[in-house]
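S.K.: Here it is, the structure, as structure tokens.
Since every read-out is calculated from the coordinates, none of them should be taken as a lab result. This one's a predicted model, so the numbers in the text were calculated from it and none came from an experiment. With ideal geometry, Cβ positions are generated from the backbone for all residues, glycine too; neighbour counts draw on all protein chains shown.
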Amino acid sequence: VQLVESGGGLVQAGGSLRLSCAASGIVFVVISNMGWYRQGPGKQRELVADITRAASTNYADSVRGRFTISRDNAKNTVYLQMNSLKPEDRGIYYCKVDTSRGPYWGQGTQVTVSP
């Protein structure tokens, strides 16, 4: 299983970005939860949001109401729409996919928010 992330970049505070994470190599593998984590400078990796196969979602308090996670099961892809971005949202964003063979992580995509 390989995960390819895209959509990171530089944005001004108040702006928006949309992250995507596509899973490939899904052969005889069942994907359950999909999620996004982030690691800010000098901080530990933390959960941003995750979503079950039935589309039940969970958000960190710091992003609830600003970020929206979604998934396309047919495309094995998870998205993170990030609105009203704040400087404290900056960091490397990683997608994580839970499968019948265990968890897989993406390589990370950088998000930078200027004041």
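S.K.: Hey, Phe28 hits all of (1) over 16 Å from Trp105 (Cα atoms); (2) surrounded by 13 or more Cβ atoms within 10 Å (Cβ to Cβ); (3) among the hydrophobic types (A, V, I, L, M, F, W, C) but one; which does it fall short on?
M.R.: Evaluating Phe28 over (1) over 16 Å from Trp105 (Cα atoms); (2) surrounded by 13 or more Cβ atoms within 10 Å (Cβ to Cβ); (3) among the hydrophobic types (A, V, I, L, M, F, W, C) leaves (2) as the failure.
S.K.: Here's another thing I want to ask about it. Determine whether segment 62-81 contains at least one residue that is in a helix (DSSP H, G or I), in contact (Cβ under 8 Å) with a residue 24 or more places away in the chain and more than 10 Å from the chain's Cα centre (by Cα). Even if it seems obvious, please write down each step before you answer.
M.R.: Step one: list which residues in segment 62-81 are in a helix (DSSP H, G or I), which gives none.
Within segment 62-81, none of the residues are in a helix (DSSP H, G or I), in contact (Cβ under 8 Å) with a residue 24 or more places away in the chain and more than 10 Å from the chain's Cα centre (by Cα).
S.K.: Next question, about the same structure. Scan segment 33-45 residue by residue and report those that are touching a strand residue (DSSP E or B) at 6+ places or on another chain (Cβ under 9 Å) and exposed (fewer than 14 other Cβ atoms within 10 Å of the Cβ). Outline the logic, then answer.
M.R.: Going through segment 33-45, the residues touching a strand residue (DSSP E or B) at 6+ places or on another chain (Cβ under 9 Å) turn out to be 33-41, 43, 45.
Scanning segment 33-45 gives Pro41, Lys43.
S.K.: Given the conditions (1) in a strand (DSSP E or B); (2) in contact (Cβ under 8 Å) with a residue 40 or more places away in the chain; (3) surrounded by fewer than 17 Cβ atoms within 10 Å (Cβ to Cβ), which single one is not true for Tyr104?
M.R.: Evaluating Tyr104 over (1) in a strand (DSSP E or B); (2) in contact (Cβ under 8 Å) with a residue 40 or more places away in the chain; (3) surrounded by fewer than 17 Cβ atoms within 10 Å (Cβ to Cβ) leaves (3) as the failure.
S.K.: Out of Ala74, Ala54, Ala13, which single residue is in contact with a Pro (Cβ under 8 Å, 6 or more places away or on another chain) and surrounded by fewer than 18 Cβ atoms within 10 Å (Cβ to Cβ)?
M.R.: On the way: Ala74 fails: in contact with a Pro (Cβ under 8 Å, 6 or more places away or on another chain); Ala54 fails: in contact with a Pro (Cβ under 8 Å, 6 or more places away or on another chain).
Unique residue meeting the criteria: Ala13.
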